[in-house]
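Data block below; observations after.
The values are calculated or read from the model by the stated rules, or taken from the named source; none is laboratory data. The structure presented is a predicted model; accordingly, all values stated were derived computationally and were not measured. So basically every Cβ, Gly included, is an ideal-geometry build from the backbone, and we count neighbours across all protein chains shown.
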């Protein structure tokens, strides 16, 4: 039997490798490699470039309970009606968030972005326990903010960040949450990595620190408004996981969006993504549509 040990910070390599292995095991086939597949380009943004009418970007250092310092951007709207805390995926850096910021700039909300410990300018080394402390520190920052702390709070998590978003939504008084390209559970995810015929031959030895993050269990207990966004062409986190979460959720205010032309990291570039987020916040946070949006 093949035994695969999951390292929390290296598992992303398996995400890319195992789907390819699955294709090879299933038989001979032609794999099309397009020119765009050779690049992983991201349009970046820096505080110096930030210029959106009605918003100001403040750089903050958020301290965690174990003394790490997180580099963060708090983008505040002059007439904000809600707060959004974004939990990025593995490899997320704030400078890569241009499209996300453009999307949220169409709404009167404050947006908090931060780099996990060990990423970007943040101190420390990444670990599962550590990034949970990072997520909690980000929530505490907004909750205790003199102005923003009075407003509703929404959590938005992408990929790995969807696990943190589900965890935080289950322990804090948030008003709703967004799970983008989400992971349902480790077992659900790993079960789809290997063809059914070969599953008896492959066993995943997943670290308990990862296995305990089960969003299927969380959404079955959280009644907050929930927006699930994914793509049926996502090669990293299959859309079936978003569907599983939708089915398991007890929320009476839930919606599932499939951006079929998207992938895993590019959903903010699609108009359907912006429309879905706007509809979610306008409905559940009672926002008023602003008259301006960002143009870069």
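Taken across the stretch 1-16, residues that are touching a helix residue (DSSP H, G or I) at 6+ places or on another chain (Cβ under 7 Å), part of a strand (DSSP E or B), loosely packed, with under 14 Cβ neighbours inside 10 Å and modelled with pLDDT under 50 do occur, with at least one present. Residues of the stretch 140-178 that are farther than 22 Å from residue 79 by Cβ and over 15 Å from the mean Cα position of the chain (by Cα): 140, 170, 171, 172, 173. Residue count for the stretch 164-188, restricted to those that are modelled with pLDDT of 95 or more, out of contact with any helix residue (DSSP H, G or I) (no Cβ under 6 Å at 6 or more places or on another chain) and part of a helix (DSSP H, G or I): 3.
So, in the stretch 148-163, how many residues would count as being without any contact (Cβ under 8 Å) to a residue 24 or more places away in the chain and in a loop (DSSP other than H, G, I, E, B)?
Summing the residues that are without any contact (Cβ under 8 Å) to a residue 24 or more places away in the chain and in a loop (DSSP other than H, G, I, E, B) in the stretch 148-163 gives 0.
Here is a yes/no grid of residues against (1) surrounded by fewer than 23 Cβ atoms within 10 Å (Cβ to Cβ); (2) at pLDDT 95 or above; (3) closer than 19 Å to residue 151 by Cα:
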position	(1), (2), (3)
59	yes, yes, no
71	yes, yes, no
83	no, yes, yes
88	no, yes, no
96	yes, no, no
111	no, yes, yes
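For the stretch 244-264, does any single residue satisfy the condition of being assigned to a helix (DSSP H, G or I) and within 25 Å of residue 96 (Cα to Cα)? Reasoning before the result, please.
Filtering the stretch 244-264 for residues assigned to a helix (DSSP H, G or I) gives 244-248.
So of that shortlist, the ones also within 25 Å of residue 96 (Cα to Cα) come out as none.
No; the residues of the stretch 244-264 include none that is assigned to a helix (DSSP H, G or I) and within 25 Å of residue 96 (Cα to Cα).
Given 46, 29, which one is modelled with pLDDT under 95, loosely packed, with under 14 Cβ neighbours inside 10 Å, farther than 27 Å from residue 233 by Cβ and in contact with a helix residue (DSSP H, G or I) (Cβ under 7 Å, 6 or more places away or on another chain)?
Working: 29 fails: farther than 27 Å from residue 233 by Cβ.
Being modelled with pLDDT under 95, loosely packed, with under 14 Cβ neighbours inside 10 Å, farther than 27 Å from residue 233 by Cβ and in contact with a helix residue (DSSP H, G or I) (Cβ under 7 Å, 6 or more places away or on another chain) holds for just one of 46, 29, which is 46.
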